[in-house]
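A.B. asks: Can you read through this structure? Questions will come right after.
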Amino acid sequence: MNFDAETSFPAYVVMFYEANLIGLLEVLLFHSECCEAAGDTLHDLLQYCQHKLVWLVAGEEDWYSISADTTSVEDAKEELIKRHKKISFDVALKCIAVVRYIGEHSKDVSLGITTRVLNTYDFPAIFAGLIDNPPWLLRQDDGEWLKYDNSKWKKTSHDEVKNLSKLEGQLWIGMLQFLMSENCQRNYQLNSSNQASILKLRAHFHPQVLNQLPALVDLQRYLEELSLLQTASSRPPLILEQVPEFYTALENKCNGKWKDLAFKHYKEIFCMSKERMKKQADKFAATYDMDVMSDLLSEPPKCESCGELLLNDARLVRRLGIVGGSVRSNTGLNTRNLVNLSLKTMKDAKDLKAAENQGGS
């Protein structure tokens with residue numbers, strides 16, 4: 001299979017949209033209404049998250065070399081593989097928040113979803129494994145610490161290593177929900193294996209952690225009590241379990257056809273002609289057409305500085321560098337003068353282009 005920079009672009013776009021979708025789900029599932037509306041489709045989402053998080057816990061990759069832009073790769077195939085692992089790493093980290101929100105809203109989802117979170121995939125044990133061996137924390141040979149935060153590796157002092165990042169906070173809050181909430185305690189099946197994994201958390205209750213999340217004191221006390229108990233296998237509360245609908249349908253449809261499907265994608269994604277590549281690029285660009293997005297606004301944007309209404313022209317907004325209704329440039333002009341000046345510039349450019357077209361004809 002031959003790779004080059006041009007033919008790898010569609011594959012990168014697919015990975016880019018995967019990252020966008022998981023980010024969107026992270027925002028939506030914060031609300032219990034969205035978890036409830038998702039219904040049985042959460043089975044497929046949880047299976048997806050479980051695959052990503054198990055990949056993190058396995059620790060078979062060099063996370064720093066994957067996610068740090070320290071080396072340039074000349075080969076297009078190696079570059080695509082590196083980008084895929086980098087995006088997969090970021091996506092896997094976002095899955096932590098997705099699982100935590102679903103577990104937090106366990107009262108609003110079906111018993112099958114709760115059972116899948118706690119027992120089928122045992123996310124409490126997975127979360128405990130990530131806290132005990134975090135892939136986003138690295139100690140270099142010279143003794144310096146690096147922490148992966150906001151998609152970047154940052155140098156961290158020894159005293160700041162124990163300060164919780166947003167990602168670590170999601171894990172601890174998730175563990176608090178899984179082990180302390182009444183609904184989860186009633187449905188979680190403890191055994192010797194997951195008990196041993198969870199009890200490893202006792203070594204991580206540092207004063208800095210407890211100061212940032214005082215609610216963890218109750219979790220610390222619960223784990224001390226859990227260490228004195230001997231768990232016994234219990235009968236699962238749910239005899240019939242629903243399977244992931246979309247995954248099962250896809251597996252049944254494509255069973256025995258995976259090679260043909262891979263060859264089809266190879267021809268359609270990695271062997272595009274330049275003309276087809278240009279058409280695909282135009283479609284991707286149209287997805288983010290600011291004129292289309294402006295129709296989604298309920299009211300025209302306003303300037304944060306003076307409160308003036310801005311022209312509901314997305315192209316003008318884009319040229320002016322307006323983000324969230326504010327103008328980035330510090331030119332000293334107020335919003336009205338800046339809009340009028342830009343309108344005049346755009347009108348002059350259109351008149352010049354029209355004159356060139358008439359002259360050419």
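The values are calculated or read from the model by the stated rules, or taken from the named source; none is laboratory data. Bear in mind that the values here come from a model prediction, so they are computed numbers and not experimental data. Neighbour counts are summed over all protein chains in view; Cβ atoms, including those assigned to glycine, are modelled from backbone coordinates with ideal geometry. Areas reflect the complete protein model, heavy atoms only, side chains present, ligands, DNA and RNA absent. Shrake-Rupley method; radii C 1.70, N 1.55, O 1.52, S 1.80 Å.
A.B. asks: Spot the failing condition for Y121; the list is (1) out of contact with any strand residue (DSSP E or B) (no Cβ under 9 Å at 6 or more places or on another chain); (2) within 22 Å of L29 (Cα to Cα); (3) surrounded by 15 or more Cβ atoms within 10 Å (Cβ to Cβ); (4) at pLDDT below 90, and only one is missed.
C.D. replies: (4)
A.B. asks: Please determine whether any residue of region 249-262 is within 25 Å of L130 (Cβ to Cβ), open to solvent by 100 Å² or more (accessible area, probe 1.4 Å) and free of Cβ contacts under 8 Å to residues at least 24 places away in the same chain.
C.D. replies: no
A.B. asks: Select, from A68, A92, A58, A37, the only residue that is modelled with pLDDT of 90 or more and closer than 25 Å to K154 by Cα.
C.D. replies: Result: A92 is the single residue among A68, A92, A58, A37 that is modelled with pLDDT of 90 or more and closer than 25 Å to K154 by Cα.
A.B. asks: Still on this structure: Just the residues that are small (G, A, S), in a helix (DSSP H, G or I) and loosely packed, with under 14 Cβ neighbours inside 10 Å, please, taken from region 153-211.
C.D. replies: Passing the criteria: S192, S193, A196, A203.
A.B. asks: Here is a further query. Does Q189 fit the bill of being over 26 Å from the mean Cα position of the chain (by Cα) and closer than 26 Å to D40 by Cβ?
C.D. replies: Values: over 26 Å from the mean Cα position of the chain (by Cα): yes; closer than 26 Å to D40 by Cβ: yes.
Yes: the conditions hold for Q189.
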